[in-house]
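Worksheet: one structure, shown below.
A short reminder: the numbers here are calculations on the coordinates, not readings from a lab. Computed from a predicted model, the values in this text were never measured in an experiment. Positions of Cβ are backbone-derived with ideal geometry, glycine not excepted, and every protein chain shown enters the neighbour counts.
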Amino acid sequence: MQKEERIQKFLHRVRFEDLSLEYLRSLIKLARDEDLEGAGLAEPAKAGGDVTSELLAQSGNGRATLHARETLVVCGLPLIPIVLEAYSEELSFEPALEDGVSADAGDALGTLKGPVDKLLMAERVLLNFLQFLSGVAAETRNYVDALSNSPTRLLDTRKTTPGFRMLQKYAVACGGGWNHRLGLFDRIMLKDNHLAADDAHAGSALTELVGKARQQNPGLLIEVEVDSLEQIPAVLKANPDKIMLDNFNMPELKTAVEIIGDQASTEATGGITLETMVELGSLGLDFISTGALVHKAVWKDIGLDWLP
C-alpha cells in the first residue's frame, strides 16, 4: 500500500447524518429531565415542570432569534429540531446558517417559533448544546488555522466527555479537524500500556505483537504508539499502517519522520499546544492528535432573543 493511500484510510469525519437519532434523543431526554424533574438526584422532584413559566399570563405562540454574541464556529443547528420535539411538536426552527461556518457577534443563527411556555422550557437545554458544541468547533478551527498551509492533518482523540463522544467528534469535524478512531472497536491501536502488559516494549517481542495484530485483524488499520526512537525499527518490521510518536520533542520528531519515511504514516501526540502547531506542521508529519480540541474548548456565548 502506498503511503498516500494509507493516509486516506485514516481520514474520517463524523457527519450529522452518521449520528443515531436514538442516541441524540436519549441525551436530550436526560437534559430535559434534569431540568424539569431533577433527574440524577436520589429523590427527583415530586411535582416537576417549569414552575416559573407557569406564572406567566401570556399564552399562545411566540418567536425568538438565536444570535451569536461572539465570534464562533457554528455547530449544533441540526440538533435543535430534535431538542424542540422533546418539548412540543408545535415548536419549529428555521436556520439562518449551517454548521461549520464562522459567525460574528450579532449574526443570527436562526428563528424559533411555537407555544411560549414550551419555548421557554426548551431554551436553556437548547443553548447548552449549541454553546458547548460551538466551543469545540471553534477551538478546533483555531488549531486548524495554526497549521496554515501545512499538509499535516489535525486529529481528535478519545478524551471526550462520557456519553457525548460522537457529538464532540462531529463538532471537531465542523471545526475542520479529522476524527481519530471512534472507540476501541474500529482500529487496532497498540499503546504503551498494551506493550507493557504484554512485555513487548522492544525487539522481537514488539515486532511479533504488531505482526500478530496484522495477522488476526486483516481488515483493520494497525497503529502503534512508541515513546522512543529505538522502538521504531522493530515496529516497522511488522508493516504497521501508522506509528504514533508520543511526547517526542521537535528534534526527535524530525528524526522519527526521516526513519519512518514512506514505510508508515506518522502521528505526533502528547504535549501538543496551539503555540507549537506551526513548528509541528513544518516537520513532515502526516497527523497531529490532541485532546485539547475538546478538553480545552470554552463554551461560546449564544443568546436567545425574544421577538415582539
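Putting +1 on Lys and Arg Cβ atoms and -1 on Asp and Glu Cβ atoms, find which of 65, 125, 261 reaches farthest to the positive end of the dipole of the chain.
The residue sitting farthest along the positive end of the dipole is 261.
Quick check: residue separation of residue 306 and residue 113 times 0.36 nm, minus the Cα distance between them. What number comes out in nm?
Working it through step by step, the gained length comes to 68.5 nm.
How far is it, in nm, from the label point at residue 252 to the one at residue 145 when both lie 7 Å from their Cα along the line to the Cβ?
So the two model labels end up 3.2 nm from each other.
Using unit Cβ charges (K, R positive; D, E negative) and no other charged atoms, how large, in debye to the nearest 20, is the dipole of the chain about its Cα centre?
440
Kindly state, to the nearest 0.05, the FRET efficiency for residue 298 paired with residue 9, given R0 = 35 Å and r defined as their beta-carbon distance. Working shown, then result.
Values: r = 33 Å, r/R0 = 0.95.
Once the sixth-power term is evaluated, E becomes 0.60.
What ranking do 285, 147 get, fewest neighbouring Cβ atoms within 10 angstrom at the top?
Going from least to most buried by this count: 147, 285.
Of 293, 52, 103, which is farthest towards the positive pole of the chain's charge dipole, taken about the Cα centre with +1 and -1 on the beta-carbons of Lys, Arg and Asp, Glu respectively?
So the residue furthest toward the plus end is 293.
Any idea which of 178, 210, 249 is furthest toward the positive side of the dipole for segment 126-280, if Lys and Arg beta-carbons carry +1 and Asp and Glu beta-carbons -1?
The residue sitting farthest along the positive end of the dipole is 178.
I need 182, 229 ordered by Cβ neighbour count within 10 Å, fewest first.
229, 182
What FRET efficiency comes out for residue 158 versus residue 273 if R0 is 25 angstrom and r is the Cβ-Cβ distance? Round to the nearest 0.05. Intermediate results must be reported in sequence, preceding the final value.
Values: r = 19 Å, r/R0 = 0.78.
Efficiency computed from Cβ-Cβ geometry: 0.80.
Provide the packing ranking of 295-303, 251-259, 78-86, i.e. peptides ordered by the mean count of other C-beta atoms within 10 Å per residue, highest first.
78-86, 295-303, 251-259
Just checking my list [x] 18.6; [y] 14.8; [z] 16.9 against mean projected area of the Cα convex hull in nm² computed from this structure; which label fits?
Correct label, based on the coordinates given: [x].
For segment 152-308, what is the charge dipole size about the Cα centre, in debye to the nearest 20, if Lys and Arg each add +1 at the Cβ and Asp and Glu each add -1 at the Cβ? Numbers along the way, then the final one.
On the way: 15 positive and 21 negative charges, 111 e Å.
It comes to approximately 540 debye.
Once fully extended, how much extra length lies between residue 69 and residue 46, figured as 0.36 nm per residue of separation less the alpha-carbon to alpha-carbon distance?
4.6 nm
Using the Cβ atoms and a cut-off under 11 Å, what net charge is assigned to the surroundings of residue 157, where Lys and Arg are +1 and Asp and Glu are -1?
Here the charged neighbours net out to +3.
Helix 21-37 against the longest principal axis of the chain: what's the angle in degrees, Cα atoms only, rounded to the nearest 10?
Helix 21-37 sits at roughly 50 degrees to that axis.
Would you mind checking the tilt of helix 165-174 against the longest principal axis of the Cα atoms of the chain, expressed as 0 to 90 degrees and rounded to 10?
Result, in degrees: 90.
Compute the long axis of helix 116-147 from its Cα atoms, compare it with the longest principal axis of the Cα atoms of the chain, and write down the angle in degrees, 0 to 90, nearest 10.
30
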